[in-house]
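Chemist: Submitted below is the structure of interest, expressed as structure tokens.
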Amino acid sequence: MGTGKRAIDTELVHAGEAAARAAGSVVPPIYQSAMYVMPSADGDSDYHDIRYIRLNNSPNHTLLADKLAAVCGAEAALVASSGMAAITSALLSHLQHGEHVIVQDCVYGGTHSFIHHDMVRMGISHDVVDGADPDSWKGALRGNTRVIYVEAISNPLMRVPELEAVTRFAAEHGLVSMIDATFATPINLRPAELGFDLELHSCTKYMGGHSDVVAGAVIGKASHVARAKRSLDHLGGCLDPHACFLLTRGLKTLGLRVRQQCHSAGVLARAIAESPHVARVNYPGLVDHPDHARATRLFDGFGGMLSFELAGGLAQAERLLGALTLPLRAPSLGGPETLVTRPARTSHAGLTPAERAAAGIADGLVRVSVGIEGTDDIVSDFVSALDTL
Ligand SMILES: *Cc1c(COP(=O)(O)O)cnc(C)c1O
């Protein structure tokens, strides 16, 4: 944080709040009003003065937009009804029929499916690249390429692309750079500082942080966010005011939660790696992770997500999941509870077995979203369960 700038934790608590308070309330209320009185009584206010929940501009929405922009050090922000509403609106607002997007391999399952199926039906083509190999990206460039799309930390192998090279490549070739930074969170990475045009989040995960709300955000340069907003206004992916309230409340503790999760994930990754039953641990904080040096340079923390492959494959992975007592077996991530999944059955179930194999996702791969329980309790549960195998 430079001079005159407040700490990210201060922005998480205070940014955007004042304008949304009512009747002296410390906590801004839920504005459960679908529409708002026009500001001009003589009836000559225009479309831009309309306040309506679908337009994501109620006091609950603008509070979040102001808070997220401040937290991310970005010009503007916009909340959406889900991470996928944010991602699809951002992509569709910057790509049209006949255009082309370069996308990193192994992106979130829903994004993968949208780019590979829905966008193809709309006449928008793509090429897939290795995010860690910038020299190969030029080969994917076409005259009609408009967007390059990456994820800060990929799921479930936790790969980290050459993020500085992405914004350099975008600037050189006149592309819009987009990054899904859900796994990194603004605590560990501020993509605006690297020059990304748009950053996308599933706020269902760490941002909300309590496994009780589905939400998304588009954050970045004002002109790009405005374009995404036009798409979102028409597609209708608005966030409900109550969900806005939950997201606002969750955000206040983002720093506390994520730093704790990063700490526990690091301890857990090192403990798991010692088990003779574990063939491989994927965590960018481990020195043997292929992107460790890059993650160290780019991130303030390595995140709360890790995955590992059991030497005994699918059957052993199932036995391990059965032996764990603390984590819940559930999809999604970023909440207070430690969660475990097998990505082949959850986040990447929409891929064909061949696509999964190409992406390096074995059937026996276990993914962990580390929660905020006591570090020792989390670690000892995994170590005990591994010892039973
Ligand atoms: C969950 C997730 C999404 C989709 O978000 P929803 O809120 O479920 O729509 C997108 N990207 C990443 C990286 C995710 O983890």
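The values are calculated or read from the model by the stated rules, or taken from the named source; none is laboratory data. Computed from a predicted structure; not experimentally measured. Reconstructed Cβ throughout: ideal geometry from the backbone, glycine too, with neighbour counts over all protein chains shown. Note: accessible area is taken over every heavy atom of the protein model, side chains too, but ligands, DNA and RNA are not part of it. Shrake-Rupley method; radii C 1.70, N 1.55, O 1.52, S 1.80 Å.
Chemist: For a quick check of your reading: which helices (runs of 4 or more DSSP H) sit entirely within the range 301-389 and have at least 1 residues that are touching a Gly at 6+ places or on another chain (Cβ under 8 Å)?
Modeler: 313-323, 375-387
Chemist: If you don't mind, there's one more thing I want to ask. Considering only the range 300-319, I want to know if a residue exists there that is open to solvent by 30 Å² or more (accessible area, probe 1.4 Å) and within 20 Å of the chain's Cα centre (by Cα).
Modeler: yes
Chemist: If you don't mind, there's one more thing I want to ask. Among the listed residues Arg249, Arg297, Arg257, identify the single one that is touching a helix residue (DSSP H, G or I) at 6+ places or on another chain (Cβ under 9 Å), open to solvent by 50 Å² or more (accessible area, probe 1.4 Å) and in a helix (DSSP H, G or I).
Modeler: Residue meeting the stated conditions: Arg297.
Chemist: Residues of the range 277-293 being touching a residue at least 24 places away in the same chain (Cβ under 8 Å) and over 19 Å from the mean Cα position of the chain (by Cα), which ones?
Modeler: Scanning the range 277-293 gives His277, Val278, Ala279, Arg280, Val281, His289, Pro290.
Chemist: With Leu12, Leu64 as the choices, which residue is in contact with a Cys (Cβ under 8 Å, 6 or more places away or on another chain) and assigned to a helix (DSSP H, G or I)?
Modeler: Leu64 is the lone residue from the list that is in contact with a Cys (Cβ under 8 Å, 6 or more places away or on another chain) and assigned to a helix (DSSP H, G or I).
Chemist: Please go through (1) within 16 Å of the ligand (Cβ to nearest atom); (2) in a helix (DSSP H, G or I) for Gly131 and return the number of the only condition it doesn't satisfy.
Modeler: (2)
Chemist: Let me ask you something else. Answer with yes or no whether Pro276 is assigned to a loop (DSSP other than H, G, I, E, B) and farther than 25 Å from His201 by Cα.
Modeler: In short, yes.
Chemist: Looking at Ala344, Ala357, which one is under 25 Å from Ser202 (Cβ atoms) and either touching a strand residue (DSSP E or B) at 6+ places or on another chain (Cβ under 6 Å) or hydrophobic (A, V, I, L, M, F, W, C) (or both)?
Modeler: Ala344
Chemist: In addition: Which ones in the range 229-257 are of a type outside the set (Lys, Arg), touching a residue at least 12 places away in the same chain (Cβ under 8 Å) and farther than 28 Å from Ala7 by Cβ?
Modeler: Those that are of a type outside the set (Lys, Arg), touching a residue at least 12 places away in the same chain (Cβ under 8 Å) and farther than 28 Å from Ala7 by Cβ: Ser231, Leu232, Asp233, Leu235, Gly236, Gly237, Cys238, Asp240, Pro241, His242.
Chemist: May I pose another question? The conditions are (1) in contact with a strand residue (DSSP E or B) (Cβ under 7 Å, 6 or more places away or on another chain); (2) more than 14 Å from the ligand (Cβ to nearest atom), and Cys203 fails exactly one of them. Which is it?
Modeler: The one condition Cys203 does not meet is (2).
Chemist: Which of the numbered conditions does Ala323 fail, given that it passes all the others? Conditions: (1) in contact with a helix residue (DSSP H, G or I) (Cβ under 6 Å, 6 or more places away or on another chain); (2) buried (at least 20 other Cβ atoms within 10 Å of the Cβ); (3) of a type in the set (Gly, Ala, Ser).
Modeler: With (1) in contact with a helix residue (DSSP H, G or I) (Cβ under 6 Å, 6 or more places away or on another chain); (2) buried (at least 20 other Cβ atoms within 10 Å of the Cβ); (3) of a type in the set (Gly, Ala, Ser) applied to Ala323, the lone miss is (2).
Chemist: Here's a follow-up. May I ask you to list the residues in the range 76-86 that are assigned to a helix (DSSP H, G or I) and open to solvent by less than 10 Å² (accessible area, probe 1.4 Å)?
Modeler: Gly83, Ala86
Chemist: Confirm whether Ile153 is in contact (Cβ under 8 Å) with a residue 60 or more places away in the chain and in a helix (DSSP H, G or I).
Modeler: no
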